[in-house]
Amino acid sequence: MDQIQALQDRINRRVFLKRGSGLGLAALFSLLGVDAIGETPRLDGRRYGGLKAFPSLPVKTKRVIYLFQSGGPSQMELFDPKPDLEKHRAEELPDSIRNGQRLTGMTSGQAKFPVAPNIFKYAQHGQAGIWLSELLPHLGEVADECCFVHSMFTEAINHDPAVTFFQTGSQIAGRPSIGSWLSYGLGTENRDLPAYTVLTSVGAGRSDQPLYDRLWGSGFVPTQHQGVKLRNSGDPVVYLSDPDGVDRTSRRSMLNDLAALNKIELSSAGDPEISTRISQYELAFRMQTSVPELTDISKEPSSVLEMYGPDVKHPGTYAYNCLLARRLSERGVRFVQLFHMGWDQHGSLPRDIKSQCRDTDQASAALVKDLKQRGLLDETMVVWGGEFGRTVYSQGDLTATNYGRDHHPRCFTVWMAGGGIKRGLTYGKTDDYSYNITENPVSVHDLHATMLYLMGIDHTRLTYRYQGRDFRLTDVFGDVVKGILA
């Protein structure tokens with residue numbers, strides 16, 4: 001009976017399809033050094049894996065550090081000043097501005113939608129005269145290095161689909177994240193570290209919006225391309241340290257035997273995930289050496305640590321993660337993503353946004369400075385932003401010193417700096433209420449297309465065939481935003 005069952009397993013439809021999927025075996029070919037089905041295991045001395053077809057365009061940047069601000073930072077308190085709104089304080093938001101646009105269930109039942117002007121001061125910074133809030137003094141020091149896109153918009157109005165949309169190009173979970181797409185298309189420059197690494201931190205404000213591992217998942221591309229999350233305490237990676245009584249020689253011998261068994265199973269079943277398992281065991285072995293060196297910041301100059309602020313010495317903080325992002329990037333990690341929680345400010349926004357900015361402003365600016373002084377900024381793209389913005393009207397009671405804001409997908413700000421991005425630029429405009437875009441709208445798909453373009457990828461060509469369809473990060477949409485390119 002066992003033999004009959006084994007035979008059925010070998011010929012069932014799922015295994016047969018997996019055996020016939022050349023792209024599914026890409027991970028094994030890369031590991032064994034085989035040039036097959038368009039994948040190149042080694043393009044030059046610093047690239048491992050990736051598809052031979054890419055990069056297909058001039059490369060403007062080699063790596064990305066994405067500082068994702070989970071919860072939705074308010075564009076009015078930070079980037080998009082509307083001083084004339086003070087004249088309309090507590091007035092009802094005009095129907096001509098709202099124009100029947102949908103609201104969340106948290107404010108749709110409000111009897112009134114009173115205009116809540118921003119209460120923080122703005123000033124111009126740098127030679128370009130970029131307007132920034134008093135909450136962002138450190139960012140003002142690098143304003144001339146940044147491009148501020150005021151005209152971002154998204155299709156989603158609630159957190160889960162909105163965050164998923166920014167990571168995967170779809171509001172529905174299950175598709176590969178942007179870091180996975182880049183790992184799949186371009187491979188890695190450092191075979192001792194993951195091509196895609198994730199860091200998380202919790203802000204001082206509200207932190208009730210969860211982060212799911214699927215946000216940095218690989219979806220239907222081989223799982224070797226999923227993001228590797230570094231933990232905030234203990235070993236940065238689970239099981240990074242060998243157990244007592246196991247030395248490196250023993251571990252190496254064990255992995256050799258395990259790889260031999262996995263290859264036998266692979267030749268029998270043809271499951272591409274077995275090849276991924278082989279390569280990931282090998283990567284994990286190498287990470288036992290590379291990760292401890294990566295996370296040891298004791299040799300960083302005191303001037304660098306001071307630049308990031310006092311929190312930099314505490315693992316798991318935003319400042320520490322920003323420094324770690326620089327260290328990952330300079331070691332060739334293709335895509336580093338920081339998720340910082342706490343921006344969902346439905347109430348007590350003035351108090352909570354101050355706390356969030358104290359957590360993030362100095363370290364975000366320090367990252368740009370650090371990359372520049374090391375000669376890395378021209379080849380590293382930094383992106384800062386959340387999943388949507390906040391409403392001009394108050395959620396709940398409006399007072400002279402306190403108010404809240406609901407989710408607002410119609411317009412918000414993302415800033416970018418580094419490789420291929422035009423410096424000292426404000427791009428796009430919103431109306432007098434920071435409610436609608438009046439000039440140069442930029443969609444999530446447009447942002448993704450632009451990021452891929454700067455990495456040397458035509459977003460319409462980076463595809464993966466799944467369930468009979470060629471999928472891509474930008475679905476069937478997206479245009480490169482030429483106006484923000486250097």
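The values are calculated or read from the model by the stated rules, or taken from the named source; none is laboratory data. This is a predicted model, so every value here is computed, not measured. All Cβ positions, glycine included, derive from the backbone under ideal geometry; neighbour counts span all protein chains shown. Side chains are part of the model used for accessible areas, which takes the heavy atoms of the whole protein and leaves out ligands, DNA and RNA. Shrake-Rupley method; radii C 1.70, N 1.55, O 1.52, S 1.80 Å.
Before moving on, here are some points about what is shown:
- Distance from region 444-486 to region 50-77 (C-alpha centre basis), Å: 11 Å
- Excluding ligands, DNA and RNA, the accessible surface per residue across region 121-204 is 31 Å² with a 1.4 Å probe.
- Positive-end residue of 76, 153, 111, charge dipole of region 73-212 with Cβ unit charges: 111
- Relative pair counts by distance (%), Cα atoms of region 62-152, 10 Å bins: 13, 36, 32, 17, 3, 0
- Debye, to nearest 20: dipole size of region 153-219, +1 on Lys, Arg Cβ, -1 on Asp, Glu Cβ: 40 debye
- Computed from point charges on the beta carbon alone (+1 for Lys and Arg, -1 for Asp and Glu), the dipole magnitude for region 424-486 about its Cα centre is near 360 Debye.
- Computed accessible area, residue 407, all protein chains, 1.4 angstrom probe, square angstrom: 10 Å²
- For region 370-473, the equivalent ellipsoid derived from the Cα gyration tensor has semi-axes of 32, 22, 13 Å, listed largest first.
- Long-range tail of P(r) for region 84-214 (Cα pairs > 19 Å, %): 73 percent
- Among the listed pairs 299/422; 87/369; 62/229; 313/369, those whose Cα-Cα separation exceeds 27 Å are 299/422; 87/369.
- 18 Å Cα-Cα reach of residue 82 towards lysines, excluding residues that sit fewer than 8 places from it in its own chain: 121, 429
- Whole-percent carbon and sulfur share, accessible surface of region 300-410, 1.4 Å: 46 percent
- For region 412-467, the solvent-accessible area with a 1.4 angstrom probe is 34 square angstrom per residue.
- Put the Cα centre of region 186-228 next to the Cα centre of region 125-162 and the gap is 24 Å.
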